[in-house]
Number of protein chains: 2
Amino acid sequence: MKLLEERIIKDGRITKLGYINLTEFLNHGVEPDFLSKLGAAVKKHFAADGVTKILTAEASGIPLACFTAQKFKVPALFARKNKREIIGGDCYSAKVASFTAGSVYDLVVAKSCLSPEDNVLIVDDFIAGGKETQGLIEIVKKAGAKLVGVAVAVEKTFKPGGALLRSQGVNVYSLAKIAKITPDGKIEFVK
Amino acid sequence: MKLLEERIIKDGRITKLGYINLTEFLNHGVEPDFLSKLGAAVKKHFAADGVTKILTAEASGIPLACFTAQKFKVPALFARKNKREIIGGDCYSAKVASFTAGSVYDLVVAKSCLSPEDNVLIVDDFIAGGKETQGLIEIVKKAGAKLVGVAVAVEKTFKPGGALLRSQGVNVYSLAKIAKITPDGKIEFVK
């Protein structure tokens, strides 16, 4: 998506730890109009798939999930991390090993919010290693719901997450694909 | 707000730990249309105040902050918790003692996302003790920005947070005020 690639070039920063930082508009600062346009592109791609629910994980995926859900006119649902006691009822959960935090956490979703009748589209800001996405897919399966696919703003194709999901037959749609970050901090997209 | 009170009565649950659980539509499951209506009510209340930014803290305040920001046509910004390394640049921060988690965490906001020219409206799903809101206000002050007020979906008036903020001269607007949860789990609103 040209609009997103141009914005990444304009406002993306590479942090000291090598993260691609899109804090100005995507996952810290949030621009509703811009994210609505990303949501509309996701809607267009999955328009024929009968999506009934948008699923993400807290926290940075929530804004895009919300504006995408608005386009589909369906609810969003964000999995909590290690907060079973806040949800407080029966839950589906999945363990995820976090690369950024160097720890293991539980993704937790209230059973009352996900049913076997749901056609679930997973939405997130980034996909890199894909561990969290695999955790969300595990929850969709435990609920007996149907996975429609995975939509992300940015896929890092130099990480294995997207490719692994596609090899499992998952429909992964990435609005921007970053192939490489050069040693001097330039972002190169997949052509 | 009658619409929200009716929905709380219909779908609110009291968890074993005594939390008011609005997971079906507000802060786990998220209904875009419903939250847009709450955002519109917040917009109406603060319409004359020149709001330039909506500030919240991850994670459960993000959906309402997003849909409120959309109504104001301004950016939202969500403070991260203990994730300075993900933001990766210069930050404003404030320490918050968490009642629910029983721990202390840092609220962190990138300096690039908040400027002295900003008129900031803090938005959250709940206010109870108000510690997190005080942390967000500390960040607004550190940025040299102006605090317009605080808008929440639900205020627990049996907790001190809202009253304390008002005593400090903060314009606190609550769409629903819960006065009491009875021993048998009934929710009573402020009349």
Can you tell me which residue in segment A:150-191 is nearest to residue A:117 (Cα to Cα), limited to those that are in contact (Cβ under 8 Å) with a residue 40 or more places away in the chain and either in contact with a His (Cβ under 6 Å, 6 or more places away or on another chain) or among the charged types (D, E, K, R) (or both)? A:173
Testing residue A:78 on (1) closer than 17 Å to residue A:62 by Cα; (2) in contact with a Cys (Cβ under 6 Å, 6 or more places away or on another chain), one condition comes back false. Which one is that? (2)
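Okay, residues lined up against (1) crowded, with 20+ Cβ neighbours inside 10 Å; (2) over 23 Å from residue B:36 (Cα atoms); (3) hydrophobic (A, V, I, L, M, F, W, C):
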| residue | (1), (2), (3) |
| --- | --- |
| B:94 | yes, yes, yes |
| B:119 | no, no, no |
| B:150 | yes, no, yes |
| B:171 | no, no, no |
Qualifying position, being at pLDDT below 95 and either open to solvent by less than 40 Å² (accessible area, probe 1.4 Å) or within 18 Å of the chain's Cα centre (by Cα) (or both), among B:54, B:8, B:20: B:20
Looking at (1) in contact (Cβ under 8 Å) with a residue 24 or more places away in the chain; (2) of a type in the set (Gly, Ala, Ser); (3) open to solvent by 10 Å² or more (accessible area, probe 1.4 Å), can you tell me which one residue B:61 breaks? (3)
For segment A:152-169, enumerate the residues that are part of a helix (DSSP H, G or I) and either among the hydroxyl-bearing types (Ser, Thr, Tyr) or open to solvent by 20 Å² or more (accessible area, probe 1.4 Å) (or both). A:163, A:164, A:166, A:167
Scan segment A:48-81 for residues that are over 15 Å from residue A:136 (Cβ atoms) and among the polar types (S, T, N, Q) and report the count. 2
Listing of strands (runs of 3 or more DSSP E) fully contained in segment B:21-125 that carry 3 or more residues being more than 11 Å from chain A (Cβ to nearest Cβ): B:91-98, B:103-110
Give segment A:64-92 a look and list any residue that's crowded, with 24+ Cβ neighbours inside 10 Å and charged (D, E, K, R), or say none. A:80
What's the number of the only condition in (1) assigned to a loop (DSSP other than H, G, I, E, B); (2) closer than 30 Å to residue A:115 by Cα that residue A:147 fails to meet? (1)
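The values are calculated or read from the model by the stated rules, or taken from the named source; none is laboratory data. Treat the numbers as computed from the prediction; the structure is a model and nothing was measured. Heads up, the Cβs are rebuilt from the backbone with ideal geometry, glycines too, and the neighbour counts pull from every protein chain shown. To get the accessible areas, we keep the full protein, side chains included, count just its heavy atoms, and leave off ligands, DNA and RNA. Shrake-Rupley method; radii C 1.70, N 1.55, O 1.52, S 1.80 Å.
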